[in-house]
Structure formats: structure tokens, C-alpha cells
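Working notes, structure below.
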Amino acid sequence: MISIADNLQNVRQLIKNAAISAGRDENSVQLLAVSKTHPATAIRAAIDAGQRRFGENYLQEALDKILTLRDITNIEWHFIGPIQSNKTRPIAENFHWVHTLDREKTAHRLDAQRPSTLAPLNVCIQINIDNEPTKSGIMPTDLAPLAAAITKMPNLQLRGLMAIPKAQASDAEMAASFTKMQRLFEKLKTQHPSVDTLSMGMSADLNEAIAAGSTMVRIGTAIFGARADAKKD
Ligand SMILES: *Cc1c(COP(=O)(O)O)cnc(C)c1O
């Protein structure tokens with residue numbers, strides 16, 4: 001029997017250790033618990049163990065869980081999957097954060113569809129840091145104009161950058177990609193004061209990501225256990 005509470009405690013300790021060995025404040029890295037494919041009961045168990053921030057990739061599955069868990073008022077829902085442009089409205093209406101913004105057109109839709117009764121939607125721009133043809137995200141050279149456009153949208157709050165480095169990278173390639181992200185992030189922060197989030201690092205590359213300044217790591221399996229094959233929405 002896995003215990004989600006034990007797993008969470010272990011992951012939190014790994015994050016603190018990584019921060020300390022990078023010479024950073026041990027509380028400077030937030031944990032996003034990636035709950036895709038896991039049921040609402042698993043999320044409740046994580047909430048009981050003090051976790052409040054959850055990441056979901058598949059929209060319909062996420063909306064079902066958000067509805068099931070609506071009695072819990074302080075959950076923070078993060079959308080971390082690819083955004084289909086005809087499905088922006090439920091994202092704008094139900095999430096607190098989006099990590100995977102990579103088109104100005106999508107940003108305009110989210111801005112227009114964000115209910116004015118809600119706080120602005122927090123957004124990170126996804127960077128295709130290893131220039132992979134099939135991966136979402138923009139090229140670094142396209143960052144400045146997209147960031148500038150987003151900061152003019154009243155219902156979006158630009159919070160930072162997100163990346164998923166390529167899967168089969170050597171340690172040196174991975175480190176180089178994280179360092180590139182760190183430089184982009186530091187530069188963006190000087191241009192836009194609302195920027196404070198660098199979303200990078202998963203179970204396998206936690207230490208390297210935190211050493212390169214990640215402020216939010218996205219961890220699924222180490223908390224909730226293995227997933228069955230991912231479903232599509
Ligand atoms: C699934 C996913 C994660 C978590 O992956 P694990 O290997 O389960 O830790 C992190 N980020 C994104 C974007 C994901 O889709």
C-alpha cells in the first residue's frame with residue numbers, strides 16, 4: 001500500500017535538500033503535485049497531508065475532479081497540458097494557473113474568457129528549450145513579444161516560464177538547457193515585475209532544475225504512484 005502522505009513528505013524533503021545543496025532558501029521551491037489520471041480520492045489524501053497545488057493535463061478529466069472537489073475552497077488548480085484553442089473557456093473559468101501558454105491568440109482568448117469576478121489567470125509561457133519539432137512551446141527568440149502582449153491583457157498575470165527538457169538528454173545537455181531557461185527567466189524578471197515563477201523539474205531531474213533556479217517543480221509519480229497509460233481528452 002503506498003501512502004500519499006509518506007510520499008509527499010519524501011518529495012518535500014528531496015526538494016529541501018536540493019535547495020540547500022544549491023545554496024538556496026529551503027522554502028524557495030514550490031511543489032506542484034501532478035495528479036493527472038489519478039482519482040479525486042487521491043487528491044483528497046494529498047490535501048489531508050497539506051498539499052494545496054495540483055497540476056492536470058487533460059481538460060475533461062480535470063473538470064470532473066474540480067467539480068468533485070468543489071467543497072475544498074483553497075485548492076489551486078494548474079493546467080499543464082497542451083491547450084486546444086477551442087477549449088480555452090473552461091480553462092479560463094476553472095483554473096488558477098496555466099503553464100503551457102505558447103500562442104498570442106490563445107492568450108487573447110483566455111483573457112477574454114476569464115470571468116471578471118475571478119482574479120487574473122496566472123500564466124507561464126512554455127519554452128521549447130531543446131528546439132524539438134513535435135513539442136509545444138515557443139522559441140526563446142519569440143519570448144519578448146509574447147510576454148509584452150500578455151502584460152497588456154487585464155485578465156492575465158504573467159508569472160514566468162515553463163519548460164520540459166527533451167527526454168533523451170545527456171547530463172550535460174540537460175544542464176545546458178536548464179541554464180538557458182535560467183538566463184531567460186532572469187532577463188524576463190528584469191523586464192516584467194510580475195514574473196516570479198520558473199516551472200521546471202520533474203522527478204528525474206529535480207536536483208538539476210533546482211540548481212538552475214527552478215521555483216516550482218512538477219511531480220506526479222513520486223507522489224501518487226505509477227500511472228496507467230495516459231488518456232486523451
Ligand atoms: C506528467 C507531467 C509531470 C509529472 O511527471 P511524473 O513523471 O509523473 O513526475 C510534470 N510535468 C508535466 C508537464 C507533465 O505532463
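The values are calculated or read from the model by the stated rules, or taken from the named source; none is laboratory data. Since we're looking at a predicted model, the values are computed, not measured. Cβ: placed from backbone, ideal geometry, glycine included. Neighbour counts: every protein chain shown. All accessible areas refer to the heavy atoms of the entire protein, side chains included, with ligands and DNA or RNA removed. Shrake-Rupley method; radii C 1.70, N 1.55, O 1.52, S 1.80 Å.
Flag: Lys166 does not match the condition of being at pLDDT 95 or above and open to solvent by 50 Å² or more (accessible area, probe 1.4 Å). Among the criteria (1) modelled with pLDDT under 95; (2) more than 13 Å from the ligand (Cβ to nearest atom); (3) buried (at least 23 other Cβ atoms within 10 Å of the Cβ), the one Glu173 does not fulfil is (3). Is at least one residue of the range 125-135 modelled with pLDDT under 95, under 16 Å from the mean Cα position of the chain (by Cα) and surrounded by 16 or more Cβ atoms within 10 Å (Cβ to Cβ)? So far as the range 125-135 goes, yes, one or more of its residues are modelled with pLDDT under 95, under 16 Å from the mean Cα position of the chain (by Cα) and surrounded by 16 or more Cβ atoms within 10 Å (Cβ to Cβ).
Summed over the range 70-107, the residues that are within 16 Å of Leu143 (Cα to Cα) and of a type outside the set (Lys, Arg) give a count of 7.
Considering the range 182-233, and only residues there that are closer than 30 Å to Pro90 by Cα, open to solvent by 40 Å² or more (accessible area, probe 1.4 Å) and of a type in the set (Lys, Arg), the residue that is farthest from the ligand (Cβ to nearest atom) turns out to be Lys189. The set of residues from the range 183-192 being in contact (Cβ under 8 Å) with a residue 24 or more places away in the chain and over 21 Å from His78 (Cβ atoms) comprises Glu186, Gln191. Annotation note: of Ser3, Ser35, Ser21, Ser28, the sole residue that is over 14 Å from the mean Cα position of the chain (by Cα), within 27 Å of Ala228 (Cβ to Cβ) and of a type in the set (Gly, Ala, Ser) is Ser3.
Enumerate the strands (runs of 3 or more DSSP E) found wholly within the range 53-118, keeping only those where 1 or more residues are open to solvent by 40 Å² or more (accessible area, probe 1.4 Å), within 16 Å of the ligand (Cβ to nearest atom) and in contact with a Leu (Cβ under 8 Å, 6 or more places away or on another chain).
Passing ranges, in order: 53-56.
Looking only at the range 19-38, residues that are within 16 Å of the ligand (Cβ to nearest atom) and either open to solvent by 70 Å² or more (accessible area, probe 1.4 Å) or assigned to a helix (DSSP H, G or I) (or both) come to 1 in all. Remark: pairs (first residue in the range 154-178, touching a residue at least 12 places away in the same chain (Cβ under 8 Å); second residue basic (Lys, Arg); Cβ separation under 6 Å; 6+ apart in sequence or on different chains) = Asn155/Arg114.
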